Every structure is written in structure tokens, then in C-alpha cells.
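Colleague: There's a structure below that I have some questions on.
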Amino acid sequence: MKIRKLEKADYAIVDVCMKELHTLHVAGRPDLYIPLEHIYTEQEFFSIVEDKRHIAIAAVDENETIMGFCIADLRDKSGMVENVKTIYVDEIFVRKEQRRKGIAKELFCSLEAIAKSYGVVRIDLMVWEFNKEALKLYEKMGMKPQRYILEKNIDNV
């Protein structure tokens, strides 16, 4: 396995994977998510892989087949101590047949190393409560709760 930057040519496989990830969200929170055919348009994806404020990496096998990927963006948090440089993880995804092989861990560690080289001091991400597998991974990677977002459904009947 090697880690490389995502490229424009990777759009088709990333598109399929993002639909699978989005389907997980639709199943977990059908009250918030609607089924979509494409999460990123081709142009949105191209912008991400070309943008210097994004880190977009893929884990590939010896045949250059994408096994998983990570997309994150650099953020400067204004109004915080010394404008803390943060990387926000938008997506970490590993293809179903490749899971439990350390690929997500490798992607996370690579992201962390790249982020450090940019002067980033913190990694942020959001994970849904229903996504227990992702929660376990992030805890293993040393992530801790930063804040809680609470909700209460109110029936207007």
C-alpha cells in the first residue's frame, strides 16, 4: 500500500465510494439526509484536488487501485488563541472489501503528518453517533470529544 494525492482521474471511483458513504448517512439519519446520485460534482472534485487548502489523499495498492481516501481542508480559526491552524476532515472512506486492514489508520497518520508540515496544530472532524465503527477508529487514533451537539425532535402534531 502507498499513499498518494488524489487526482482528477480518480473522480469515478471516489464518486462511487462517496455514494456508498452517503447511503450510510441516509440509512442512519433519514430525517436529515436524502438519497443523492453524486455527492461531489466532477468540477467540485477537481477543485478539491487542485486546491492548496485541501489535503486529498488516497491509499492505493500495487496496481494503483484506490482502497480508500481522505479529504480534509485547512482552516484558520479566527477569534481563538493565536488563530489556531486546524485541519477539518470531511471524509475518510475505505472500500468495504478493504476494511480491517489498517488502511484508515494509514490514511489518518498520513493526513496528520501532512497537516503538521503545514503548521497545523489540531485535527477536527464530525462523526454521527450511529457510526460506531468510525467512532472506534477515531478513538484509537487519539481523538477525544471536543464538544457535543445535542438535538431534540419536536412533534408539531
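The values are calculated or read from the model by the stated rules, or taken from the named source; none is laboratory data. Only a predicted model underlies this, so the values are computations on that prediction, with no experimental measurement involved. Methodologically, a virtual Cβ is constructed for each residue, glycine included, from the backbone with ideal geometry; neighbour enumeration extends over all protein chains shown. The protein model used for the area step is the full one, side chains on, heavy atoms only, and it has no ligands, DNA or RNA in it. Shrake-Rupley method; radii C 1.70, N 1.55, O 1.52, S 1.80 Å.
Colleague: When the chain is fully extended, how far beyond the present Cα-Cα distance does residue 20 get from residue 33, taking 0.36 nm per residue of separation?
Modeller: On the way: separation 13, 0.36 × 13 = 4.68 nm, distance 1.31 nm.
Taking residue 20 through residue 33 to full extension adds about 3.4 nm, to one decimal.
Colleague: Test of understanding: what is the full-extension gain from residue 116 to residue 141, defined as 0.36 nm times their sequence separation minus their Cα-Cα distance?
Modeller: Stretched fully, the residue 116-residue 141 segment lengthens by 7.5 nm.
Colleague: Give me the percent of the accessible area of the chain that comes from carbon and sulfur atoms, probe 1.4 Å, all protein chains in place.
Modeller: Carbon and sulfur together cover 53 percent of it.
Colleague: GNM, the chain, Cα, under 10 Å: largest mean-square fluctuation among 142, 68, 119?
Modeller: 142
Colleague: Could you tell me which trypsin sites (Lys or Arg not before Pro) in the stretch 1-86 are loop residues by DSSP with no more than 16 other beta carbons within 10 angstrom of their beta carbon?
Modeller: Those satisfying the criteria are 52, 53, 77.
Colleague: Counting heavy atoms of the protein chains only and a 1.4 Å probe, report the per residue accessible area for the stretch 56-157 as a whole number of Å².
Modeller: On a per-residue basis, the stretch 56-157 sits at 68 Å².
Colleague: Same structure again: Going down the list 52/96; 96/140; 116/136; 52/116; 96/116, which pairs span over 26 Å between their C-alpha atoms?
Modeller: Over 26 Å Cα-Cα: 52/96; 96/116.
Colleague: If you add up the charges near residue 145, with Lys and Arg at +1 and Asp and Glu at -1, over every other residue whose beta carbon is less than 13 angstrom from its beta carbon, what do you get?
Modeller: Net of charged neighbours comes to -1.
Colleague: Take every Cα-Cα pair in the chain and report what % of them are more than 25 Å apart.
Modeller: Across the chain, Cα pairs with separations above 25 Å total 34 percent.
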